[in-house]
Amino acid sequence: MCRHAAWLGTRQPLTSLIDEPEHGLLKQSYAPRHQRHGMINADGFGVGWYNEARAEPVRYRRTVPIWSDANLPALAQVARSHCLLAAVRSATAGMPIEETATAPFTEGTWLLSHNGRVARDALADLGEDLAARAESTCDAAWVAAAVFLRRRAGLDLGEALAEVVSRAGEKDPAARLNLLAADGASLAATVWGDTLFFHLDDRSGGVLVASEPLHDRPGWQAVPARSLLLVSPGGGVRVQPL
Ligand code: GLN
């Protein structure tokens, strides 16, 4: 399982997800504490954030371990946004290690990350010709293609994630489908086979959502299995069953 994290609130630098908190994604890339599958997340990483200079988010992704990118620390210090998303990857066996297989996936204003694995066959009837639409043969890229088709059909972030996860999960009972997505104004995440936590950060003014806690300050809440977490533009958090 990979690890992912997102922020919605006051403007913060990307370092707030990566190396500023003690157990940020940098630490989680080599020493995750709640990871159920895989020990290390060294098959690449990606970050995405929103800036008023562009309608779409800015994305940066690599196939190298996050700790080995010497350019990232400075970039993460100056990339500041009200909405951030980042992921470190542990490729599922048989999946390619390439940039196009690395989260976050993006289309329009949306960013998406997948923790888990799913049989691509289980996704096949979630959209016409997903194999051609997906950026990569990686299962996560197929999931992204299925989610983005729903974006085009007018579904919102939560609706798109809920539909893809519940339909794919029904077809593949062994699937693990923890998704985390942003559209620049809100966040949505699913819990389906792995852990997910959120933290209302009064000090900084916003909400952190992550596969596992980024720090040991009190206030992290675990999201129950098989549910959908929604963070609204005002910072309100709702959890509903899937
Ligand atoms: N299956 C996805 C991939 O290979 C996600 C992997 C994971 O969560 N470890 O990228």
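Every number here is computed from the coordinates shown, using simple stated rules; none is lab data. Since this is a predicted model, take the numbers as computed values, not measurements. Note that we place each Cβ from the backbone using ideal geometry, even for glycine, and neighbour counts take in every protein chain shown.
Computed from the alpha carbon positions, the gyration tensor of the stretch 1-66 leads to an equivalent ellipsoid with semi-axes of 23, 14, 9 Å, biggest first. Place +1 on the Cβ of every Lys and Arg and -1 on the Cβ of every Asp and Glu in the chain, take the dipole about the Cα centre, and give the residue among ALA182, GLY44, VAL209 whose Cα lies farthest towards its positive end. The residue sitting most towards the positive pole is VAL209. Computed over the stretch 6-128, relative contact order equals 30 percent, with contacts defined as Cα pairs under 8 Å that lie 6+ residues apart. Over all pairs of different C-alpha atoms in the stretch 178-242, the reciprocal of the mean inverse distance, the Kirkwood hydrodynamic radius, equals 11.9 Å.
Loop-located GluC sites (Glu not before Pro) across the stretch 69-163 with a Cβ neighbour count of 12 or fewer within 10 Å are GLU128, with loop assigned by DSSP. With only the Cα atoms considered, the stretch 1-142 has a convex hull volume of 112 Å³ per residue. Per-residue ellipticity at 222 nm computed for the chain from its helices equals -5500 deg cm²/dmol, with DSSP H segments shorter than 4 residues left out and the rest contributing -39,500 (n - 2.57).
For the pair the stretch 188-242 and the stretch 140-156, the centres of their Cα atoms are 22 angstrom apart.
Each listed q (0.10 Å⁻¹) maps to a log10 I(q)/I(0) for the chain from the Debye sum over equal C-alpha point scatterers, namely -0.39.
Scaled against the 2.2 N^0.38 Å expected of a compact globular protein of N residues, the Cα radius of gyration of the stretch 120-212 reads 1.15.
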